[in-house]
Amino acid sequence: MDTFKHQSFFQDIKSRELHGYRVKRRPYISDESSDFNQIGALAIDHNGFTPPPMALSFCKTSKNSHIVAVTDEGGYLSLFNTRVQIPSSSTHLQNAEKAKVSEWVAHDNAIFDVCWIKEDTNILTASGDQSIKVWDAQGKQCVRALMGHTGSVKSICPHPTNHDIIVSGSRDGSFALWDLRCSDSSSENLCIPSIATVHEAHSSPSQRRTRRGKASSVSITSILYLKDELSIASAGAVDSVIKFWDTRNLKCPVIQACPHPDASIQKAHRFHGVSSLSQDLNGAFISASCMDSRIYLYNVLQAEKGHVKTFKGCKIESFFVKSAISPDAAHILSGSSDGNAYVWQVNKPLEDPVMLKGHDGEVTALDWCTSETGKVATSSDDFTVRFWNIHSSCYSNTRSPSSIRRRVTALSCMQRRKLFSSDEKPASVKNDTASCDSKLASYQDLPDLITVPEMSTPVSKKRKPLPGFEPQENFEKTPEAAMRSPSSVLNPPSSLRKTIRDYFIVTPSGLHSK
């Protein structure tokens with residue numbers, strides 16, 4: 001199988017600085033909804049049993065990008081071929097039978113999340129039965145079972161480059177790290193314990209209680225393993241705060257982000273929960289769909305300063321409604337409780353979104369195809385999954401936020417002579433350098449959304465706990481898991497590994513236009 005490889009955010013920028021290649025134009029959505037074609041629709045049905053779909057995920061390799069995995073409330077995992085030619089006269093059930101590759105019962109409860117790993121040879125499923133399973137996609141066999149959560153597992157995400165490392169978030173308020181290499185090869189037991197668990201990751205210090213005496217929701221609704229390979233972002237149902245964690249020290253979050261950073265502590269009771277998080281392929285941005293029917297976009301480098309863009313128009317009335325930023329960070333796709341899906345241009349947040357009409361129930365799960373530009377899938381409580389495509393002719397001169405380029409100009413022969421001349425004064429060398437910098441600045445072609453800082457590694461600063469946050473001993477690591485897990489998983493050499501925020505000198509302005 002073809003491996004779908006991508007660079008991290010800082011590697012991508014560094015490559016463009018060195019080589020200065022032109023970035024291809026990305027397809028952008030115009031104001032007309034006719035730019036979208038519904039290329040297929042199928043109904044979820046298992047011999048007369050029709051559960052609503054819960055999650056879906058396209059394959060990650062270019063060879064298999066047309067295969068989509070769909071999970072449902074009945075615990076089924078189904079694979080469909082989205083390239084199958086389906087006549088317009090056929091029914092949704094007939095479409096499903098024609099496009100179906102395989103299906104099997106993966107859990108005895110609803111499957112809330114699904115994703116492909118290891119070049120699409122394995123599938124991860126997270127279920128209401130409080131377990132995570134690793135499946136052989138070809139043999140339809142469970143090869144690992146990750147046990148330890150005491151509530152429904154709502155979200156899972158693999159490590160960006162090492163898919164043996166998994167992070168999961170649960171309704172019990174905890175998130176956990178897993179290492180698939182920790183199993184005992186001599187044992188027939190497929191169950192793997194977590195190598196680290198953080199309890200009450202999103203519980204409020206002054207936990208509110210309802211009239212019946214039950215504590216308010218502490219559920220982890222979404223979890224992300226960031227592209228720096230060390231940081232984790234988590235969100236919950238209690239408020240709109242996103243917490244960022246360093247896997248080398250999970251006792252307390254490094255930073256936190258929310259739509260209104262100044263009021264995050266005093267007015268936490270006014271916030272709404274977050275239904276989902278997503279990140280683009282380079283890891284520069286994180287989008288958060290909030291229960292106030294808004295989607296907030298954060299710059300990873302300055303997340304604690306608040307969101308940089310806001311998108312409105314959809315209705316998010318349940319935690320099943322998800323949103324996702326496109327791989328190139330050009331668009332945001334969201335479901336909605338009004339039965340439609342919506343698409344925004346990231347660079348034009350104030351414009352009305354394009355509406356995708358066709359579903360007859362709340363649009364919940366969705367996904368972007370990483371290899372086929374413009375292809376998306378949406379699912380709904382009307383028991384259907386629909387596939388859409390953006391016309392390849394819809395191009396714009398405006399580049400996507402992650403399409404950043406910088407051209408580096410070499411010094412002229414005269415400048416080189418002056419630079420290495422022994423009788424030249426240092427001041428003249430500085431003047432020539434300033435002249436070269438001014439010429440370099442004239443070639444800058446950067447988007448309005450972010451300012452790309454100089455590529456340099458600053459001196460590491462000691463991280464401090466968040467204001468008003470008292471570190472709690474809620475970090476748990478079993479001795480058995482610590483002994484069997486490779487030492488480099490959670491404790492890499494501090495001199496070699498830094499988070500994405502340590503690779504840049506952060507600029508203070510230019511990031512807060514709404």
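Taking the mean number of other Cβ atoms within 10 Å as a proxy for protection, how do you rank 298-306, 132-140 from highest to lowest?
Numbers: 298-306: 21.1, 132-140: 17.9.
So the order, starting with the most tightly packed, is 298-306, 132-140.
May I ask you to give the average projected area over all directions of the convex hull of the Cα atoms of the stretch 54-95, in nm² rounded to one decimal?
3.5 nm²
In debye, nearest 20, what is the charge dipole magnitude of the stretch 36-98 about its Cα centre with +1 on Lys and Arg Cβ and -1 on Asp and Glu Cβ, if you could check?
Once rounded to the nearest 20, the dipole reads 360 debye.
When only DSSP loop residues count, what GluC sites (Glu not before Pro) in the stretch 326-382 have their Cβ near at most 15 other Cβ atoms within 10 Å? Could you put the intermediate results ahead of the total?
Values: sites: 351, 362, 372; in loops: 351, 362, 372.
Here the sparse-neighbourhood loop sites are 351, 372.
Based on the mean of other Cβ atoms within 10 Å per residue, sort peptides 151-162, 331-342 so the most packed one is first.
Top to bottom by mean Cβ count within 10 Å: 331-342, 151-162.
Every number in this text was worked out from the coordinates using simple rules, so none of it is lab data. Everything numeric in this text was worked out from a predicted model, so none of it was measured. Every residue, glycine as well, gets a Cβ built from its backbone with ideal geometry; the counts of neighbours run over all protein chains shown.
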